[in-house]
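The values are calculated or read from the model by the stated rules, or taken from the named source; none is laboratory data. Quick caveat, the model's predicted, so the values are computed rather than measured. When we count neighbours, we look across all protein chains shown, and the Cβ atoms used for this are built from the backbone with ideal geometry, even at glycine.
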Amino acid sequence: MRELPDSVTELLIAWNKGDQAALSALMPLVFDELRVLAGIYLNRERPGHTLQPTALVHEVYLRLVDQERVSWENRAHFFGMTARMMRRLLVNHAEARDAVKRGGRAQKVFLDEALIPGSTPEVDLLALDLALQELEKLDARQGQVVEMRFFSGLSIPETAEALQISPATVKRDWETAKLWLRRKMAEG
């Protein structure tokens, strides 16, 4: 992730204190980075996906405007939360698409082969989301590590900073979670 100006953290702190104008000032500073994250998500989707990166970022912005009780800690925390919002939006989109098709094929997303080694490069987004929800119940931190590493593309050091744990712990959780998800996805 590229380095953003220090004012991002200052704007997050101001927003924590209820300054809604801080969100308006924050978005131009982080828009390009959020668009990159949205592009990463959408590149993993099936060809011809109806959402575009800019539209996904705008949806995230609308959800951010409605946030009232988030205590933003730093940039990594902010990007982790926006990654979670993007994941939810894409899952909701896939569920709506499946509902329209009345049980049609689930939406496909390209899954990082490092996450699910030995599997096909495509995986059902809804099945992945269910597996990740199950992992989060078993080990919430491992779920957060997967979300930050896979969905938001954070590095091991960035994930460690966001979760306030050591990089060695992130690496260990990442490896364990990949194995668990590989097994779970093979079962499904």
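Points worth noting:
- Options Arg63, Arg87; residue that is assigned to a helix (DSSP H, G or I) and under 19 Å from Val146 (Cβ atoms): Arg87
- Of everything listed in (1) under 26 Å from Trp72 (Cα atoms); (2) part of a helix (DSSP H, G or I); (3) modelled with pLDDT of 90 or more, the single unmet condition for Ile165 is (2).
- Close contacts from the range 143-157, counting a first residue that is within 14 Å of Ile40 (Cα to Cα) and a second that is charged (D, E, K, R) and surrounded by fewer than 24 Cβ atoms within 10 Å (Cβ to Cβ), with Cβ to Cβ under 7 Å and a gap of 6+ residues or different chains, come to Glu147/Arg84; Glu147/Arg87; Phe150/Asp112; Phe151/Arg87.
- Pairing residues of the range 1-23 that are modelled with pLDDT under 80 with residues that are among the basic types (Lys, Arg) and part of a helix (DSSP H, G or I), at Cβ distances under 8 Å and at least 6 apart in sequence or on separate chains, gives Leu4/Arg75.
- Against the test of being within 22 Å of Met85 (Cα to Cα), part of a helix (DSSP H, G or I) and either at pLDDT 90 or above or charged (D, E, K, R) (or both), the options Arg149, Arg172, Arg182 yield a single qualifying residue, Arg149.
- Any hit, the range 100-115, residues being assigned to a loop (DSSP other than H, G, I, E, B), surrounded by fewer than 18 Cβ atoms within 10 Å (Cβ to Cβ) and modelled with pLDDT of 80 or more: no
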